[in-house]
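Novice: Okay, here's the structure, questions in a sec.
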Amino acid sequence: MSEKKLDPRIQAIKTQHTFCMIKPDGVKRGLVGEIIRRIETAGLKVVALKMMTADEEQIRKHYPMSDQAWVDRLGDKGLGTFEEYDLDPVEFLGTSDRSQIGRQVAETLVGYMTSGPVVCMVIEGVQAIDMIRKLAGHTLPFKAEMGTIRGDFSVDSPGVANVEGRAIHNLFHASENPVEAANEVALWFSEADKQKYFRIDETLMYSKHY
Ligand code: IDP
Ligand code: MG
C-alpha cells in the first residue's frame, strides 16, 4: 500500500535537516560514539558526517559574530552568574557591558573550537532542529538538565570560564533555528555529502503500517 503524498510543507518538517558538531572537548573525552548513539536511538538519521580540525576562518563564519544581537546575548548568558553570586563583573572582567563581554567570549570561542578535531554532522528527522537542541541541553552546563548531552557529561559556568578567559566547555554544538541550520549545513557540507537511505525502523516510527 502506498502512503499518501504529504504536503511539501509537512514533508519539510518530517525530513528537516539540522547541523550539529561534537566540539574538541567531546572528541578528546571519547564521547563521539555516545553522542551519536543518543542521536540515532532517538530516531534521527545521520545523513552526513566528517571529522576535521576547523580553522579560525571557518569558526568566524560558523558563529554569527557580526550579528550584534547574538554577541549581546553571549554577554548576557554569562552576566546572570555574576549577579547570582553578587560579584561585580567590572572587577573580574573589566566591564559590565554585555556587548563588550559578548565580544570577549566570541574571541575565546575561536580558540576553543580550533583546539582539536571536531565531528560535524547533518541530521535529518521530524523537527530535527528542536530535537537536537533538546538532546544537547542548555548552553550553560550547570543549567543543562540531566539526560541531555551537556547535562550528563559537562560541568562549567561562565562565572569561572569568563574569568579564566576561555569559552564554556559544553561538548556539543547544535543549530538553534532554521536560518542557522541552513547556513551551517551549507558552510560545512556540500549537497553531494548528504546521503539518502532508509532506516529499517522508519516504517514503524513514521508511517501508518505498524
Ligand atoms: P549554544 O551553543 O547553546 O547555541 P550560544 O549562545 O550560541 O549557545 O553560544 C555559543 C557557545 O559559546 C556556547 O556553546 C559556549 O561554548 C560558548 N558560550 C556561551 N556563553 C558563554 C559565556 O558566557 N562564557 C563563555 N562561553 C560561552
Ligand atoms: Mg548558538
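Just so you know, all these numbers are worked out from the coordinates, no wet-lab data involved. Keep in mind that this is a model prediction, so the values were computed, not measured. With ideal geometry, Cβ positions are generated from the backbone for all residues, glycine too; neighbour counts draw on all protein chains shown.
Novice: Would you work out the relative contact order for the range 101-157, in percent, from Cα pairs under 8 angstrom that are 6 or more residues apart?
Specialist: Worked out over the range 101-157, it gives 20 percent.
Novice: Quick one: which residues, 5 or more positions from V47 or on another chain, have an amide H under 5 Å from its amide H? H modelled 1.01 Å from N in the peptide plane, none for Pro or chain starts.
Specialist: Amide H neighbours of V47, under 5 Å, 5+ apart: V122, I123, E124.
Novice: Counting only helical runs of four or more DSSP H residues, what would the 222 nm mean residue ellipticity of the chain come to if each run contributes -39,500 (n - 2.57) and the total is spread over all its residues?
Specialist: Calculated mean residue ellipticity at 222 nm is -14000 deg cm²/dmol.
Novice: Follow-up. Quick check: residue separation of D7 and A182 times 0.36 nm, minus the Cα distance between them. What number comes out in nm?
Specialist: Gain in length upon complete extension: 60.9 nm.
Novice: Would you mind computing, in nm to one decimal, how far apart the modelled labels at E34 and E91 are, each placed 7 Å from Cα along Cα→Cβ?
Specialist: The two pseudo-label positions are separated by 3.6 nm.
Novice: Cross-chain or 8 or more residues apart, Cα under 12 Å: how many lysine pairs in the chain fit that? Count them up, please.
Specialist: 6
Novice: Hey, another quick one. Which residues in the range 1-32 have a backbone N closer than 14 Å to a point placed 7 Å from the Cα of T53 along the Cα-to-Cβ line?
Specialist: The answer is 24-25, 28, whose backbone nitrogens lie closer than 14 Å to the label point.
Novice: What is the range 118-210's relative contact order, in percent, from Cα pairs under 8 angstrom and six or more apart in sequence? Could the numbers behind the result be given before it?
Specialist: Working: 83 pairs, mean separation 20.8, N = 93.
Result for the range 118-210 is 22 percent.
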